[in-house]
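The values are calculated or read from the model by the stated rules, or taken from the named source; none is laboratory data. In this text, all values refer to a predicted model and were calculated from it rather than measured experimentally. Here the Cβ is made from the backbone with ideal geometry for all residues, glycine too, and neighbour counts use every protein chain on show. Quick note on the areas: whole protein, heavy atoms, side chains included, nothing else; ligands and nucleic acids left out. Shrake-Rupley method; radii C 1.70, N 1.55, O 1.52, S 1.80 Å.
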Amino acid sequence: MKKRIGIFYGPTGGSTEKVAMLIADEFDGKADLFPIKGVNPAMINNYDIVIFGCSTLGSETWNGEVSQSDWDTFRPELSNINVQGKLFAFFGTGDSITYARNFVDAMGILAKDLIAQGAKVVGQWPTEGYSFTDSEALIDGKFIGLPIDEDYETHKTSARVKGWVELLKKSI
Ligand SMILES: Cc1cc2nc3c(=O)[nH]c(=O)nc-3n(C[C@H](O)[C@H](O)[C@H](O)COP(=O)(O)O)c2cc1C
């Protein structure tokens, strides 16, 4: 049976949306694309391969009560996703220079939430070629998904996306 691929991302209107669209292009129209704002868990449960994308806007985005980010709004719904029988992959936008110690942290925090629910993750990515100091997205020496730095390394984005989607295609 054909596997259904869904890309769910937020926020809209910036780097994360751009990268989500680049990833969808690499799947040649075989992936569906949704801003996480407005999605409900039942929509995610329709997919066999679930790709989640988020930016990192500081730890307060994830832990504070005042934040209004799209993923913050969705976060309480994560526990309603049925992770069984699915594969999950993650990408995250960040800034490896200004926020070198927290590079793409939100991708790691999101992934760890899903892993704690038993999610199976594909698309782990090596740290080679990135300059950063630390990241919540590091698990066993690799990034849990694809980090993209549109602030300082936009020239590397296309090759990174292509390489990552090739890796995903081999894993799904
Ligand atoms: C207030 C603020 C805080 C940020 N904090 C982080 C951070 O902790 N780690 C990181 O990697 N990038 C951080 N960034 C960089 C953004 O994640 C990066 O610019 C990203 O591409 C934004 O994606 P968007 O255009 O989809 O919102 C921060 C940016 C802003 C404006």
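Descriptive notes on the structure:
- Scanning segment 10-26 for residues that are open to solvent by 10 Å² or more (accessible area, probe 1.4 Å) and of a type outside the set (V, I, T) yields P11, G13, G14, S15, E17, K18, M21, L22, A24, D25, E26.
- Cβ-Cβ distances below 9 Å connect the following pairs, each with a first residue in segment 29-53 that is part of a loop (DSSP other than H, G, I, E, B), a second residue that is surrounded by 20 or more Cβ atoms within 10 Å (Cβ to Cβ) and β-branched (V, I, T), and a separation of six or more residues or different chains: K30/I5; Y47/I5; D48/I5.
- Whichever residue in segment 84-99 is among the small types (G, A, S) and either open to solvent by less than 10 Å² (accessible area, probe 1.4 Å) or at negative phi (or both) and, among such residues, is farthest from the chain's Cα centre (by Cα): S96
- Here S79 fulfils each of the conditions (1) open to solvent by less than 70 Å² (accessible area, probe 1.4 Å); (2) over 13 Å from the mean Cα position of the chain (by Cα) apart from (1).
- Of all the criteria given as (1) surrounded by 16 or more Cβ atoms within 10 Å (Cβ to Cβ); (2) more than 18 Å from T157 (Cα to Cα); (3) within 15 Å of the ligand (Cβ to nearest atom), the one not satisfied by F132 is (2).
- Qualifying positions in segment 100-114 - open to solvent by 70 Å² or more (accessible area, probe 1.4 Å) and either free of Cβ contacts under 8 Å to residues at least 40 places away in the same chain or of a type in the set (G, A, S) (or both): R101, K112
- Elements of type helices (runs of 4 or more DSSP H) in segment 54-172, at least 2 residues being at pLDDT 95 or above: 105-116, 157-171
- Residue within segment 73-91 that is within 26 Å of K170 (Cα to Cα), within 10 Å of the ligand (Cβ to nearest atom) and in contact (Cβ under 8 Å) with a residue 40 or more places away in the chain present: no
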